[in-house]
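Take a look at the structure below.
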Amino acid sequence: MPKANFSFGVGVYYSLFTTNYSLPIMIYIPKTFTVESVTSGHPDKVCDQISDAILDAYLKEDPKSRVAVETFGGHGLLIVGGEVTSHAANVDAEAIARRVYQEIGYADTLKIITNIVRQSPDIAQGVDTGGAGDQGIMYGYATDETPELMPRAVVQVHALAKGLEDLRRAGKLPWLRPDGKTQITVKDGRVESVLVSTQHAEDVSQEDIKKALTEHLIAPVLGNIEGIHVFVNPTGKFVVGGFTADTGLTGRKIMVDTYCGLAPHGGGCFSGKDPTKVDRSAAYMARFAARHIVSAGLAKECLISVSYAIGRAEPLMVHALNEKGESLGNGALEKFDFRPQAIIERLNLRRPIYQATAAYGHFGRAGFPWEQ
């Protein structure tokens, strides 16, 4: 069977349809790509924030709580379900969900159903001894392109989405509403187009929306926008948003949460999971290690991959590549312990810090321990 090259977002090429499992041969940010972000009022992000707020509530009362909470919402209904083991916490998930929803900026009434049960003892017996709370693959990435050690377009697209919320909360553009998405397309190293879709009041024209957002949001974030195609609310109207217009689900914006498709994602989401779940904690540690490797000048770009077996403490694999696809060897990773308990202790993850991560990306933002 002929060989074929398959390109991930960062351009990590694997030779498919072979039995020798050839290693990646290069890493690159492709010449043409698109990245996106969403506001905190996007239905999926509302669910992420509710799940993480419930997680925080458990960790605040009992730092050793085991939490896996999922949220689904849409059209007047919100469902919170999952598995929790906690010896001290007494958490009102329904009250937390209502509070978060209102704080984001929504005033409509939701019917809320909760179904949170105790974690399976089959999983617990492996985690209790320091093993991974799940199995799978996690990735961490860093680049020297920006001070945030993230791709510039990713920093900018999150700044556009966060800027929408900041303008709304400041009252500078009173017709803004909570739901929104942003997108940037880059071609040959320059921004070719920018797209902003924002929920808005009924009594404002699309012409006024585009003019105001170009002046107060897009130009301040991107600088000189001459020659850039600017799209604002391309459907022509975005009055109905949030759960009134759409459904949301925890973990459905994993690319927005990580590297916007410019680096691999292992598949597991972050929100609603305590740090014994390596989907979350190992991805944070991989980013932490990649940042330090780039900051130390050992690579201009670094991609770290790590994998686990459920219930086992030692990872099955930890590997680091530079921008040329060259292995950095074990020396670059010798200061980083990827065992779940070691990650939790080094990054101090048994704290209620997670709701803040649930909008505008988990990486490239100050204040989180994996970014220090």
### Summary
Sole miss for Pro352 among (1) in contact with a strand residue (DSSP E or B) (Cβ under 8 Å, 6 or more places away or on another chain); (2) under 20 Å from Asp257 (Cα atoms) is condition (1)
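To keep it simple, each residue is scored yes or no on (1) in a loop (DSSP other than H, G, I, E, B); (2) closer than 26 Å to Ala358 by Cβ; (3) of a type in the set (A, V, I, L, M); (4) out of contact with any Cys (no Cβ under 7 Å at 6 or more places or on another chain).
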site: Lys172; (1), (2), (3), (4): yes, yes, no, yes
site: Thr198; (1), (2), (3), (4): no, yes, no, yes
site: Lys211; (1), (2), (3), (4): no, no, no, yes
site: Gly227; (1), (2), (3), (4): yes, no, no, yes
### Query
Give me the pairs: first residue in the range 204-217 and more than 12 Å from Trp175 (Cβ to Cβ), second residue part of a helix (DSSP H, G or I), beta-carbon distance under 6 Å, and six or more apart or on different chains, which are they?
Leu217/Gly163
### Query
Considering Ile123, Ile137, which residue is within 29 Å of Asp274 (Cβ to Cβ), at pLDDT below 95 and either part of a strand (DSSP E or B) or in contact with a Leu (Cβ under 6 Å, 6 or more places away or on another chain) (or both)?
Ile137
### Query
Is it the case that the range 295-309 has a residue that's at pLDDT 95 or above and in a helix (DSSP H, G or I)?
yes
### Query
Of all the residues that make up the range 71-104, how many are part of a strand (DSSP E or B), surrounded by 21 or more Cβ atoms within 10 Å (Cβ to Cβ) and either modelled with pLDDT of 95 or more or not hydroxyl-bearing (Ser, Thr, Tyr) (or both)?
6
### Message
Taking the conditions exactly as written (surrounded by 20 or more Cβ atoms within 10 Å (Cβ to Cβ), modelled with pLDDT of 95 or more and assigned to a strand (DSSP E or B)), does Ser193 satisfy them or not?
### Response
no
### Message
What pairs come out if I take residues in the range 350-361 that are at pLDDT 95 or above and pair them with residues that are of a type in the set (S, T, N, Q) and not in a loop (DSSP other than H, G, I, E, B) whose C-beta lies under 6 Å away, six or more apart or interchain?
### Response
Gln355/Gln49; Ala358/Gln49
### Task
State which residue pairs qualify: first residue in contact (Cβ under 8 Å) with a residue 40 or more places away in the chain and inside the range 238-252, second residue surrounded by fewer than 19 Cβ atoms within 10 Å (Cβ to Cβ) and charged (D, E, K, R) in any location, beta carbons under 6 Å apart, and separation of 6 or more residues or different chains.
Val239/Glu202
### Query
Pro234 versus (1) under 19 Å from the mean Cα position of the chain (by Cα); (2) assigned to a loop (DSSP other than H, G, I, E, B): which is the lone unmet condition?
(1)
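Quick grid of which residues meet (1) surrounded by fewer than 24 Cβ atoms within 10 Å (Cβ to Cβ); (2) part of a loop (DSSP other than H, G, I, E, B); (3) in contact (Cβ under 8 Å) with a residue 24 or more places away in the chain; (4) in the same structural domain as Lys64 (by TED's automatic domain parsing):
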{"position": "Tyr259", "(1), (2), (3), (4)": "no, yes, yes, no"}
{"position": "Ala263", "(1), (2), (3), (4)": "no, yes, yes, no"}
{"position": "Gly266", "(1), (2), (3), (4)": "yes, yes, yes, no"}
{"position": "Ser271", "(1), (2), (3), (4)": "no, yes, yes, no"}
{"position": "Pro275", "(1), (2), (3), (4)": "no, yes, yes, no"}
{"position": "Ala282", "(1), (2), (3), (4)": "no, no, yes, no"}
{"position": "Phe288", "(1), (2), (3), (4)": "yes, no, yes, no"}
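The values are calculated or read from the model by the stated rules, or taken from the named source; none is laboratory data. Values in this document were obtained by computation on a predicted structure and should not be read as measured data. Cβ coordinates were reconstructed from backbone atoms using ideal geometry, including for glycine residues, and neighbour counts include every protein chain displayed.
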